């Protein structure tokens, strides 16, 4: 079954803690992306990676970090430096930069 | 400024009725325009993708139109079903080469289909 998986679906975190969101794809896509979605707002790009061992900051990268050690995996760490981390996080992948992006099911992060 | 504006913000219709969602954009240079459907608490799923030369594309009961001159797109839903209740997101891709950061997302239209 091909696609993008994200885990966990729901995540709770105490203030001051770092947390890592998982994103895996078996579509053999080169590019992967992390977005944040808040109520009433469009998706905002956090980080993207076009190739293994390379990634670029998006529009709202502050307080986040990523790694791309494998083509299939693109984990996102929400650090304690992110002032308002409660949101719905979406991972996506595409064959190339301009091609259609396929989205994962999302992770809802709540900071308690 | 590169922007994608969608209207209406929300819409309620009765099951079986048709509806049309609008997307206006001021994105340049234009590469393509995509419509996504997002169910509550789920990831967006692609409905259509249209390039500059295409002015209409259908996917079942969904028909998207594109007027590149006026920079407007619409998504028409025919004979709506309860399962059409979702947010519909318009996304425009810029074509300036190289790096990502070339997708401009609209805020979406929240559609509710009532029995």
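Which whole-number percent is the relative contact order of chain A (Cα, under 8 Å, 6+ apart)? Write out the running numbers ahead of the final one.
On the way: 290 pairs, mean separation 39.4, N = 112.
For chain A, the relative contact order is 35 percent.
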GNM, chain A, Cα, under 10 Å: largest mean-square fluctuation among A:41, A:25, A:56? A:41
List A:12, A:102 from most exposed to least, where exposure is judged by having the fewest other Cβ atoms within 10 Å. A:12, A:102
Would you please classify the overall shape of the protein assembly as shown from the alpha carbon gyration tensor, given that a ≥ b ≥ c denote the square roots of the eigenvalues, rounded means a/c under 1.5, and beyond that prolate means a/b larger than b/c while oblate covers the rest? prolate
Please find the FRET efficiency linking residue A:62 to residue B:40, where r is the Cβ-Cβ separation and R0 is fixed at 25 Å, and quote it to the nearest 0.05. 0.30
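Please list the equivalent ellipsoid semi-axes of segment A:1-77, computed as the square roots of five times the alpha-carbon gyration tensor eigenvalues, in descending order and whole angstrom.
On the way: eigenvalues 82, 45, 37 Å².
Semi-axes (√(5λ), whole Å): 20, 15, 14.
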Residue among B:78, B:70, B:56 with the largest mean-square fluctuation in a Gaussian network model of chain B, springs linking Cα atoms under 10 Å: B:70
Considering only A:85, A:39, A:75, give the residue with the highest GNM mean-square fluctuation for chain A, with springs between Cα atoms whenever their separation is below 10 Å. A:39
For A:32, B:50, what ranking results if the residue with the fewest other Cβ atoms within 10 Å of its Cβ goes first? B:50, A:32
Compute the FRET efficiency between residue A:112 and residue B:3 as 1/(1 + (r/R0)^6), taking r as their Cβ-Cβ distance and R0 = 35 Å, and round to the nearest 0.05. 0.50
Could you grab the relative contact order for segment B:32-115? Cα pairs under 8 Å, six or more apart, rounded to a whole percent. 27 percent
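So if we plug the beta-carbon distance of residue B:59 and residue A:7 into 1/(1 + (r/R0)^6) with R0 = 35 Å, what FRET efficiency do we get, rounded to 0.05? List each step's numbers first, then the result.
Numbers: r = 30 Å, r/R0 = 0.84.
Calculated transfer efficiency: 0.75.
FYI, it's all coordinate maths here, none of it is from the lab. What you are looking at is a predicted structure, and each value in this text was computed from that prediction instead of being measured. Neighbour counts run over all protein chains shown; Cβ positions are idealised from the backbone, glycine included.
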